[in-house]
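Working notes for the structure below.
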Amino acid sequence: MSTKFKLQPLYYFGRDVVKDNLHKELKLLKTKTVLLIYGGGSIKKNGLYNEIVGACKKCNVKVIEYPGIEPNPRDINIYRAALIARKNKVDLIIAAGGGSVIDAAKVVGIIATNPQYKNTWDYVLDNSKVKYPSIPLISAVTLAATGSENNDGSVITNAQTKYKMGTATPSATPQICFEDPKFQLTLSKWQTACGIFDIFSHLIEQYFDVNKSFLWTSEYILANMRVVVACAKVLMKNPKDETARANILWTSSMALNSIAKFETSGGDWTTHRLEHAVSGLWDVEHGAGLALITPVYLKYKCSIDKRFQALCLSMGKSVFGTKTLSDFFKSLDNFIKLLGLPTKYTDFKNISKVTPSDIEFLNKHFNYAVKNKNELAKFVFSHIKQ
């Protein structure tokens, strides 16, 4: 057995890590101009904005702000930010927010240095034309969810077609990540719950690709699942519990930093690709979409694949203490209900009904994204309750 393995980024974890350390890193990087990318402005409410700007002022670093990154980041908005970065000769990007902000910042960094791309979607469809490395990127995480701070991947939505797809370039991986649990204390229960299920989904999808002869990886995944479930119970009662916040925040990074796919072939990411169609069409929260799809997909796979059955039984026993498939799915449903996440389409406020044309769009989206043609997507989308 031979494995080549590298972990990124450099982590600063704990209270006040931005305030105490960001200025030091800016000096080491000899930063002159920062593009600060963020979303709807929550970083101004939770204090992160002031800490970042304060660190930049301390080092005489010019700050150019680009707010307004959407929860499902749009290609057009990202291209505007890239043009601003290029025009102002930005030498560092700071992504302050959750996974969508970090995803967007990665693509901004690539397009800014690769002018051969005349729009974002061309890059999403074909990253082989990248000639130059990304502008260096630092992330400051405000939502435990995607684990985007660990890797080179981004998921982008086409504003015109509503297609949502992933892309990746190694140089876009953040070099440094700041994780301070205090910035999550202002999150709503809904935001917290969506993030928690995103983490749980990452673990599930990697678990279904484990090499059972390599016990370490499966036990690592299961242990992280148990942490997620335990902390979810605490945070649904008390969102201000900083210890639970810290544990969830670190688990979100550990769930998608390559450790959980050690000695696997990468994972079964079908659920994520199915969900991309849902959030592409209706612009719903990613974690909530995953909660909607996951039980249906797992039940479908268990009906056709004995290996999936065995893995679900094993996961249920380890995480929920169940003994049968039926009890496992009951526990999974109860976990989703505990989080207050949707179990049917119309649980989303902006979905009143689902038409046959909606199902057809979802099916086409999935098969376009995976470059395949089968009935899997249509089956799954048609079996979700309205």
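The candidates Leu28, Leu36, Leu215, arranged from most to least accessible area with a 1.4 Å probe in the full protein assembly, appear as Leu28, Leu215, Leu36.
Structure shown: which of Lys87/Lys162; Lys32/Lys58; Lys32/Lys57; Lys317/Lys378; Lys337/Lys378 lie over 21 Å apart, alpha-carbon to alpha-carbon? Before the final figure, lay out the partial values.
Values: Lys87/Lys162 29 Å; Lys32/Lys58 12 Å; Lys32/Lys57 11 Å; Lys317/Lys378 31 Å; Lys337/Lys378 25 Å.
Violating the 21 Å Cα-Cα cut-off are Lys87/Lys162; Lys317/Lys378; Lys337/Lys378.
Plainly put, region 1-75 has a radius of gyration that is 1.07 times its Kirkwood radius, both from alpha-carbon atoms, as the Rg/Rh ratio.
For region 278-381, what is the Kirkwood estimate of the hydrodynamic radius, computed as the reciprocal of the mean inverse distance between distinct Cα atoms, to one decimal in Å? Can you show the working numbers first?
Numbers: mean 1/r = 0.0669 Å⁻¹.
Averaging 1/r across every pair of different Cα atoms and inverting gives 15.0 Å.
So what's the net charge close to Arg80: Lys and Arg +1, Asp and Glu -1, counting the other residues with Cβ under 12 Å from its Cβ? Local charge sum for Arg80: +2. For the options Trp121, Trp250, Trp269, a Gaussian network treatment of the chain with springs between C-alpha atoms closer than 10 Å singles out Trp269 as fluctuating the most. Its Cα centre serving as origin, region 236-386 has a Cβ charge dipole (Lys and Arg +1, Asp and Glu -1) of approximately 320 debye.
For region 199-334, what mean projected area does the convex hull of the alpha carbons give, in nm²?
Details: hull surface 34.0 nm².
Dividing the Cα hull surface by four gives the mean projection, 8.5 nm².
Computed over the Cα atoms of region 237-283, what is the ratio Rg over Rh, Rh following Kirkwood?
Working: Rg = 15.1 Å, Rh = 13.4 Å.
When Rh is taken as the Kirkwood radius, the ratio is 1.13.
When you filter the trypsin sites (Lys or Arg not before Pro) in region 332-367 for DSSP loop state and at most 14 other Cβ atoms inside 10 Å of their Cβ, you are left with Lys344, Lys349, Lys353. Within the listed set Thr346, Thr355, Thr322, the Gaussian network model of the chain (springs between alpha-carbon atoms below 10 Å) gives the highest mean-square fluctuation for Thr355.
Report the charge-dipole magnitude of the chain in Debye, nearest 20, computed about the Cα centre from +1 at each Lys and Arg Cβ and -1 at each Asp and Glu Cβ. Don't skip to the answer; put the middle values down first.
On the way: 50 positive and 33 negative charges, 75 e Å.
For this selection, approximately 360 debye.
Keeping every protein chain in place, order Glu285, Glu375, Glu70 by accessible area at 1.4 Å, biggest value first, i.e. largest first. Before the final figure, lay out the partial values.
Values: Glu285 75, Glu375 120, Glu70 50 Å².
Listed by decreasing accessible area, they come as Glu375, Glu285, Glu70.
Its relative contact order, with pairs defined as Cα atoms under 8 Å and 6+ residues apart, puts region 175-332 at 27 percent.
Positive end of the dipole of the chain (Cβ unit charges, origin at the Cα centre): among Asn334, Val227, Ala96, the Cα lying farthest that way belongs to Ala96.
Rounded to the nearest 10 square angstrom, Arg15 shows an accessible area of 130 square angstrom against a 1.4 Å probe. Accessible area per residue was computed with a 1.4 Å probe on protein heavy atoms; Met254 scores about 30 Å².
Translational D (Stokes-Einstein, µm²/s) of region 14-171 at 37 °C and 0.692 mPa s when Rh comes from the Kirkwood sum over C-alpha pairs?
My calculation gives 211 µm²/s for D.
Computed over the Cα atoms of region 108-262, pair by distinct pair, the Kirkwood hydrodynamic radius stands at 17.0 angstrom. Net charge dipole, region 11-164: roughly 520 debye, given to the nearest 20, about the Cα centre with Cβ charges of +1 for Lys and Arg and -1 for Asp and Glu. With q set to 0.11, 0.24, 0.25, 0.29 Å⁻¹, the log10 of I(q)/I(0) for region 152-218, from the Debye formula over equal scatterers at the Cα positions, is -0.49, -1.11, -1.09, -1.08. Between amide H atoms placed 1.01 Å from N, distances below 5 Å from Lys164 occur with Asn158, all of them 5 or more places distant or on a separate chain. Of the residues Thr324, Ser218, Thr169, the one whose Cα sits farthest towards the positive end of the charge dipole of the chain is Thr169 (charges of +1 on Lys and Arg Cβ, -1 on Asp and Glu Cβ, taken about the Cα centre). Protein-only accessible surface at a 1.4 angstrom probe places the residues Ser352, Ser252 in the order Ser352, Ser252, largest first. Sequence-ordered 3J(HN,Hα) estimates for region 17-31 from the Karplus curve with 6.51, -1.76 and 1.60 and θ = phi - 60° stand at 5, 5, 4, 8, 10, 4, 4, 5, 5, 4, 5, 4, 7, 6, 6 Hz, glycine and proline given as x.
Taking every protein chain into account, the 1.4 Å probe leaves His365 with about 0 Å² of accessible area, to the nearest ten. Over every Cα atom in region 298-348, the radius of gyration and the widest Cα-Cα span, Dmax, amount to 11.9, 33 Å. Computed on the Cα atoms alone, the convex hull of the chain gives a volume of 135 cubic angstrom per residue.
The values are calculated or read from the model by the stated rules, or taken from the named source; none is laboratory data. The model shown is predicted, which means the values in this text are computed figures rather than measured ones. Every residue, glycine as well, gets a Cβ built from its backbone with ideal geometry; the counts of neighbours run over all protein chains shown. Side chains included, ligands, DNA and RNA excluded: accessible areas come from the protein's heavy atoms. Shrake-Rupley method; radii C 1.70, N 1.55, O 1.52, S 1.80 Å.
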